[in-house]
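Quick notes on the structure that follows.
The values are calculated or read from the model by the stated rules, or taken from the named source; none is laboratory data. Owing to the predicted nature of the structure, the values given are computational and were not obtained by experimental measurement. Glycine also receives a Cβ, built like all others from the backbone with ideal geometry; neighbour counts cover every protein chain displayed. For accessibility, only protein heavy atoms count, side chains too; no ligands or nucleic acids. Shrake-Rupley method; radii C 1.70, N 1.55, O 1.52, S 1.80 Å.
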Amino acid sequence: MTDSQAFSSEEIERYARHIVLPEIGGAGQQALKRARVLVIGAGGLGSPVLSYLAAAGTGTLGIADDDGVSLSNLQRQIIHDTGSVGAAKTESAARAIARINPHVVCRRFHERLDASTIGDLLSGFDLLVDGSDNFDTRYMAADAAERAEVPLVTGAVGRFDGSLTVLKPYANGAGGKANPRYRDLYPKRPPEGLVPSCAEAGIVGPVTGVIGTLMAMEVIKLVTGAGEPLIGRLLLYDGLSARFETIAYARRG
């Protein structure tokens, strides 16, 4: 991270509601300004993550997505709009971020990440957010974040439900025990076809907003040191019953 830079008067006014919070304050807001966060996916989860992190004053946001905006995305991917249909999601999201907060630097990666490229890309960032929609990318992101020793915030959504957790398997938790890995939570990929896609099963739009917003909150906690991140805990949300549940999980070996 770079050295602290003084806030302009405009930034002080923009972030005033953060700065007055004892848990964040000026130091936490400076940490956000220095932070470099890479977000995989500018879709249903990435939309609220990118929007709230931009509004919060995150210094650099990387956006990795190889897809374009389609009309069917707009029911839930709220960082895009009707005029963006046909554009690259990275381009559309970057335009929206510039409108939200001109102080944020956007780095666009219009590509599908794979095991051979994600390591080099991640070297320029302090934290990884995985808003992808498939298990191959989730495992790849978890492995890359562990190797790079950067925190990972990962989430997933279904038709009316979702989940998220935070991973720091390269560090020790309470009592000196190693924090769990993604594979401690999901040891194996589900069989092909067992988990239907959004296009096949459908999804209610606000579920992505609930989970994506919670993911942004976990990023802010990690960057500023406020609160207790969801390390070793899986947060589950059931939209139909309006119920949250937290399940603890641990390192298997």
Query raised in the report: Along the principal axes of its C-alpha atoms, what lengths does the stretch 12-248 span, in descending order and rounded to whole Å?
Result: 48, 47, 42
Query raised in the report: Among Thr58, Thr117, Thr137, whose mean-square fluctuation peaks in a Gaussian network model of the chain (Cα, cutoff 10 Å)?
Result: Thr117
**Report entry** Average accessible area per residue (Å²) across the chain - probe 1.4 Å, nucleic acids and ligands excluded
**Finding:** 48 Å²
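So how do 172-178, 200-206 stack up, highest first, on mean other-Cβ count within 10 Å? Don't skip to the end; give the middle numbers.
Details: 172-178: 10.3, 200-206: 13.1.
Averaged packing, sorted descending, gives the order 200-206, 172-178.
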**Report entry** Length released on extending from His110 to Ala178, taking residue separation times 0.36 nm less the Cα-Cα span
**Finding:** 21.0 nm
Report summary line: FRET efficiency (Tyr186, Gln5; Cβ distance; R0 41 Å; to 0.05) is 0.55
Query raised in the report: Magnitude of the Cβ-charge dipole of the chain, K/R +1 and D/E -1, about the Cα centre, nearest 20 debye?
Result: 420 debye
Query raised in the report: Per the helix-only calculation at 222 nm, which mean residue ellipticity applies to the chain, given -39500 (n - 2.57) for every DSSP H run of n ≥ 4 and division by its residues, nearest 500 deg cm²/dmol?
Result: -10000 deg cm²/dmol
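Run the accessible area of the chain with a 1.4 Å probe and give the carbon-and-sulfur part as a rounded percent. Walk me through the intermediate numbers first.
Values: 6440 of 12230 Å².
Of all accessible area on the chain, carbon and sulfur atoms account for 53 percent.
Which chymotrypsin sites (Phe, Trp or Tyr not before Pro) in the stretch 202-253 pass both tests, a DSSP loop state and at most 16 other beta-carbon atoms within 10 Å?
Working: sites: Tyr237, Phe244, Tyr249; in loops: Tyr249.
In loop regions of the stretch 202-253 (DSSP not H, G, I, E or B), the sparsely surrounded chymotrypsin sites (Phe, Trp or Tyr not before Pro) are Tyr249.
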**Report entry** Protection proxy ranking, peptides 89-98, 44-53, average beta carbon neighbours within 10 Å, highest first
**Finding:** 44-53, 89-98
